[in-house]
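K.L.:
One structure coming up, written as structure tokens, with questions to follow.
The values are calculated or read from the model by the stated rules, or taken from the named source; none is laboratory data. Since the structure is predicted, the reported quantities are computational estimates derived from the model, not experimental observations. Using ideal geometry, Cβ is built from the backbone for each residue, glycine included, and neighbour counts are taken over all protein chains shown. SASA here: full protein model, heavy atoms, side chains in, ligands and nucleic acids out. Shrake-Rupley method; radii C 1.70, N 1.55, O 1.52, S 1.80 Å.
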Amino acid sequence: MPRVPLIGRWSARPANKADEELRAHVAGAASAAAADVSAPPTVAPDRTGAAFFDVDNTMMMGASLFWFARGLAARKYFTSRDLVRFFWQQAKFRVAGNESADDMHTIRENALAFVAGREVAGIVQASEEIYDELMADRIWTGTRVLAQKHLDAGQRVWLVTATPVELAGIIAKRLGLTGALGTVAEVVDGKYSGRLVGEMMHGEAKAEAVRALAQREGLDLARCTAYSDSSNDLPMLCEVGTAVAVNPDTELRAIARSRGWTVRDFRTGRKAAKIGGHATAVAALSGGLVGGAIALRRRNAWPF
């Protein structure tokens, strides 16, 4: 892979669409290079077919990055006020679909600020603990069954997520999957610099990562399947032969129906009803984030 400039927390704002496309390409290539590949399955291997699963609201209830940050907050990596501020920004980005250059620049600046200067080994150890404490019980059983069907057919299964690749890899390992494509952070002398390699694993970057991995592993994307809950993942969903909408948002549900894609919804009727509109979703998500942070503050007696 050619040497490219690292773009992240201290970079200037993106000047044009070409720069954004470069970021996505760099992020995809870096994530594919960092993805773990497990030993061949015990069943007869299907070497050209594979499955790719989004994580947030697809494989796991809620946002993995939120639970990761909450676990780090409990370990005094930052304050509960920082938690609310960061995830209110993430909520606006994800639910409202706001992907302006200014918003993306701000998200890039803040994405890894809370681990800058931290030892990678320490974050990995904390990630193992956080998964057990906050994430293991939030895996959708139905989605996990879908992944297992691919494994049973001899296909490899990767997670594809904006979550840091170290945490994504832990989730994949605990679920018995092949590996994970996640956001890659720059590491200098065993510590995070606070900068991203290219871009967050989002939107077009996911498609770039899938293409790069497919080329490396000899996959036929026409024989592969991708699963997601969000219309933000359309680049990845359109990259493979079979797309499946899992717990879809309103826009993806409509697109899936218009294109004849399979829709799987593992939520209860009450939870599924919450997908009705953007404003309602923003209120529900932001309320949950603020409430969670307040609960943290009360439990740990942290001042805002």
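K.L.:
Go through Gly218, Gly179, Gly198 for me and flag whichever is open to solvent by 10 Å² or more (accessible area, probe 1.4 Å) and either closer than 20 Å to Arg23 by Cβ or touching a residue at least 12 places away in the same chain (Cβ under 8 Å) (or both).
P.N.:
On the way: Gly179 fails: open to solvent by 10 Å² or more (accessible area, probe 1.4 Å); Gly198 fails: open to solvent by 10 Å² or more (accessible area, probe 1.4 Å).
Of Gly218, Gly179, Gly198, the one residue that is open to solvent by 10 Å² or more (accessible area, probe 1.4 Å) and either closer than 20 Å to Arg23 by Cβ or touching a residue at least 12 places away in the same chain (Cβ under 8 Å) (or both) is Gly218.
K.L.:
Please work out if Val84 is open to solvent by less than 60 Å² (accessible area, probe 1.4 Å), at pLDDT below 70, farther than 22 Å from Glu21 by Cα and touching a helix residue (DSSP H, G or I) at 6+ places or on another chain (Cβ under 6 Å). Let's see the steps before the verdict.
P.N.:
Working: open to solvent by less than 60 Å² (accessible area, probe 1.4 Å): yes; at pLDDT below 70: no; farther than 22 Å from Glu21 by Cα: yes; touching a helix residue (DSSP H, G or I) at 6+ places or on another chain (Cβ under 6 Å): yes.
Spelling it out, it is not the case that Val84 is open to solvent by less than 60 Å² (accessible area, probe 1.4 Å), at pLDDT below 70, farther than 22 Å from Glu21 by Cα and touching a helix residue (DSSP H, G or I) at 6+ places or on another chain (Cβ under 6 Å).
K.L.:
Could you run through the stretch 156-184 and say how many residues are of a type in the set (Val, Ile, Thr), over 15 Å from Val120 (Cα atoms) and assigned to a helix (DSSP H, G or I)?
P.N.:
1
K.L.:
Test Gly194 against the criterion of being small (Gly, Ala, Ser), in contact with a Lys or Arg (Cβ under 9 Å, 6 or more places away or on another chain) and at pLDDT below 95, and give yes or no. Full working, then the answer.
P.N.:
On the way: small (Gly, Ala, Ser): yes; in contact with a Lys or Arg (Cβ under 9 Å, 6 or more places away or on another chain): yes; at pLDDT below 95: yes.
In short, yes.
K.L.:
For the stretch 149-176, how many residues are open to solvent by 10 Å² or more (accessible area, probe 1.4 Å) and touching a His at 6+ places or on another chain (Cβ under 9 Å)? Talk me through it step by step, then tell me what you get.
P.N.:
If we filter the stretch 149-176 for residues that are open to solvent by 10 Å² or more (accessible area, probe 1.4 Å), which is where we start, we get 149-153, 155-156, 162, 164-166, 169-170, 173-176.
Narrowing the set further to residues that are touching a His at 6+ places or on another chain (Cβ under 9 Å) leaves 156, 162.
Qualifying residue count, the stretch 149-176: 2.
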